[in-house]
Amino acid sequence: MCGIVGAIAQRNVVPILLEGLQRLEYRGYDSAGLAVVKEGQLQCVRSTGRVADLRERSAATEGPLGIAHTRWATHGVPSERNAHPHLSNDRIAVVHNGIIENYEELRASLTVAGYVFTSDTDTEVIAHLIHSHYAQGLSLLAATQVSLSELVGAYAIGVVACDEPDRLICARRGSPLLLGVGIGEYFIASDVSALLPVTRQVVYLEEGDVVELKRDGYRIFDAGGAQIERPVQTSELSNESVELGAYRHYMQKEIHEQPQALANTLESVCNSQSLVPGIFGAEAAATFADIDSILILACGTSNHAGQVARYWLEELAGIPCRVEVASEYRYRVSVPNPKALVVVISQSGETADTQAALNHAKAQGHVHTLAICNVPESALVRLSKLRLLTRAGPEIGVASTKAFTTQLAALFLLTLVLAKQRGRLTEQQESQYLHELRHLPSAVQKVLDLEPQIAKLAERFADKHNALFLGRGMHFPIALEGALKLKEISYIHAEAYPAGELKHGPLALVDKDMPVISVAPNDALLEKLKSNLQEVRARGGELYVFADADTHIREADGIHVMQMPEHAGYLSPILHTIPLQLLAYYVALQKGTDVDKPRNLAKSVTVE
Ligand code: F6R
């Protein structure tokens, strides 16, 4: 979702801006643009095409100071006039990520003051507002600070002015932004991957920070306006981790990275002989001793991980667990329980709804908070008392894959630690589960070996418009996840149901044109599931079953069986996710969609 890059240097920054935007493409966007300051002039180029198109259009543009942006439309359709940067009087340019809630009132008062609006965006008010204060004689920094105090909403912004060739101003509140530190040159970006070609030295900005960058240094001012130091950190992100390598798409690469991602996430635990609460933070033991239930808040795929965890937590740890969609919870009147552990799950750690839900929970009196997150410096990690970082590495494909399975691994650890603390895990069980976790990466690798068969199977979906996914118990959320993957990247309408619900309605949809995909682990519900599958077959539905080795579900007319290598007990949902990811991927290839950047979607949903 919207990406920002900016640079102040002694060289032409346009190639840096364009390379940065290219690296932020994965966040999702529908238009792009840049503005550079050179010899007292602002040059601005915008495009509704890809960054490659912007590159062509900016061939003649250069300058040592500039800002650039990929836009994911919120206010106003995707169009060149709505693309950023937005200019005020051709003197000030602004790029913005976030949503300004009071933009209509500001727009009205700025219009009265004589400003002419040329776009439908909320961002343009920021440009005019800064200009209005700058025109009164304030410095660019002060004009920005005053303007920000008048804004209600979320933002990360970059600002340049043609009369200020030695200054780049930026600020963040509610949307991510960081500084890159070079030698005699400084950068801003929405995430580190954009800056890797120029620096790995970064400063993570805090909520409310405003920064003035010059070629010989920078000054950070906190939310109260006081000048403050923030630590410079060396990013561990490597260039290779964000490059495609031999794969055709990032999604395919990330599906294949799962054995390593799981091994990395589980590393500290698998090297030890026993589980300790300390993996969640220093205060974890005391916190876990004080809780009587769990409240999981998350969106999309991360919410599905939470739904699997509910089965684990209640069954193994004996602790009541509720899972809520963050965007609903934040506005729902619920009954707070200060003894609940609030667990937020997020790949990016920046999802606006999940952040708002966590803040809402805190405002309601919840004090025990834990983030399970893939980005260490993210807002959710900073907002939570406890944390467990998934170590999936950067996830570039919009459809979440390795983040999901590593979230599941982290949630299984949480389950085991709580089960142990509540006296529900014998030493023998603990070492058995640790053994199974150590084995998990190689078990996942074996499932990945099914890829050629799944690619073949996917051909049968090329002409389909609908699909039904079935699962039972802790595999029902895996069916939900399979349906979500298929719909988001192949645009096939897909629904998931607990198989037992079929006869309560969805069976009416089943006919020969409705593929029914079923997750069939060898667990206590297998025989029930088999009956549900018969119900489908009896109505002429075509079945695609991902079955564990010893389920005895056989290929037959209208029943296609993918044999899963082994049954992984409680970890089975992790294994059963992999073929559904591969199925969605190969169906998307059949459909010819933009797999890594599906239409209308953004990677990191930083607006409501
Ligand atoms: C689906 C997907 C989304 C995200 C959701 C939450 O493939 O990626 O549903 O899971 O937007 O994002 P995070 O996990 O970053 O909070």
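The values are calculated or read from the model by the stated rules, or taken from the named source; none is laboratory data. All values derive from a computational prediction rather than experimental measurement. Counting neighbours? That spans all protein chains shown, and the Cβs are built from the backbone with ideal geometry, glycine included.
So that you can scan it fast, the table gives a plain yes or no per residue for (1) out of contact with any helix residue (DSSP H, G or I) (no Cβ under 8 Å at 6 or more places or on another chain); (2) of a type in the set (Ser, Thr, Tyr); (3) closer than 24 Å to ASN97 by Cβ:
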site	(1), (2), (3)
LEU313	no, no, no
VAL343	no, no, no
SER348	yes, yes, yes
ALA357	no, no, yes
GLY365	yes, no, no
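Report yes if some residue within segment 573-594 is touching a residue at least 24 places away in the same chain (Cβ under 8 Å), in a loop (DSSP other than H, G, I, E, B) and either surrounded by fewer than 19 Cβ atoms within 10 Å (Cβ to Cβ) or out of contact with any strand residue (DSSP E or B) (no Cβ under 6 Å at 6 or more places or on another chain) (or both); otherwise report no. Full working, then the answer.
Taking segment 573-594 as the starting set, the residues that turn out to be touching a residue at least 24 places away in the same chain (Cβ under 8 Å) are 573-591, 593.
Still in the running and in a loop (DSSP other than H, G, I, E, B): 593.
From the residues that got through so far, the ones that are either surrounded by fewer than 19 Cβ atoms within 10 Å (Cβ to Cβ) or out of contact with any strand residue (DSSP E or B) (no Cβ under 6 Å at 6 or more places or on another chain) (or both) too are 593.
The answer is yes, given that some residue of segment 573-594 is touching a residue at least 24 places away in the same chain (Cβ under 8 Å), in a loop (DSSP other than H, G, I, E, B) and either surrounded by fewer than 19 Cβ atoms within 10 Å (Cβ to Cβ) or out of contact with any strand residue (DSSP E or B) (no Cβ under 6 Å at 6 or more places or on another chain) (or both).
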Selection within segment 125-170 - surrounded by 23 or more Cβ atoms within 10 Å (Cβ to Cβ), in contact with an Asp or Glu (Cβ under 9 Å, 6 or more places away or on another chain) and not in a helix (DSSP H, G or I): LEU168, ILE169, CYS170
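If only one of GLU527, GLU495 is touching a strand residue (DSSP E or B) at 6+ places or on another chain (Cβ under 9 Å) and charged (D, E, K, R), which one is it?
Numbers: GLU527 fails: touching a strand residue (DSSP E or B) at 6+ places or on another chain (Cβ under 9 Å).
The match here is GLU495.
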Residue count, segment 435-488 (criterion: under 24 Å from GLY540 (Cβ atoms), touching a Leu at 6+ places or on another chain (Cβ under 9 Å) and not hydrophobic (A, V, I, L, M, F, W, C)): 4
Filter result (without any contact (Cβ under 8 Å) to a residue 40 or more places away in the chain, in a helix (DSSP H, G or I) and within 16 Å of the ligand (Cβ to nearest atom)) within segment 356-376: ASN359, HIS360
Subset of segment 436-451 [in a loop (DSSP other than H, G, I, E, B) and either touching a Phe, Trp or Tyr at 6+ places or on another chain (Cβ under 8 Å) or charged (D, E, K, R) (or both)]: ASP449
Among (1) more than 16 Å from the ligand (Cβ to nearest atom); (2) on the phi < 0 side of the Ramachandran plot, the one test that LYS402 misses: (1)
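Given the criteria among the polar types (S, T, N, Q) and within 16 Å of the ligand (Cβ to nearest atom), does SER334 qualify? Give the derivation first.
Numbers: among the polar types (S, T, N, Q): yes; within 16 Å of the ligand (Cβ to nearest atom): no.
Spelling it out, it is not the case that SER334 is among the polar types (S, T, N, Q) and within 16 Å of the ligand (Cβ to nearest atom).
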Residue count, segment 219-260 (criterion: at pLDDT 95 or above, within 28 Å of THR593 (Cβ to Cβ) and of a type in the set (A, V, I, L, M, F, W, C)): 2
Of the criteria (1) at pLDDT 95 or above; (2) more than 18 Å from ILE454 (Cβ to Cβ); (3) of a type in the set (Asp, Glu), which one GLU481 fails: (2)
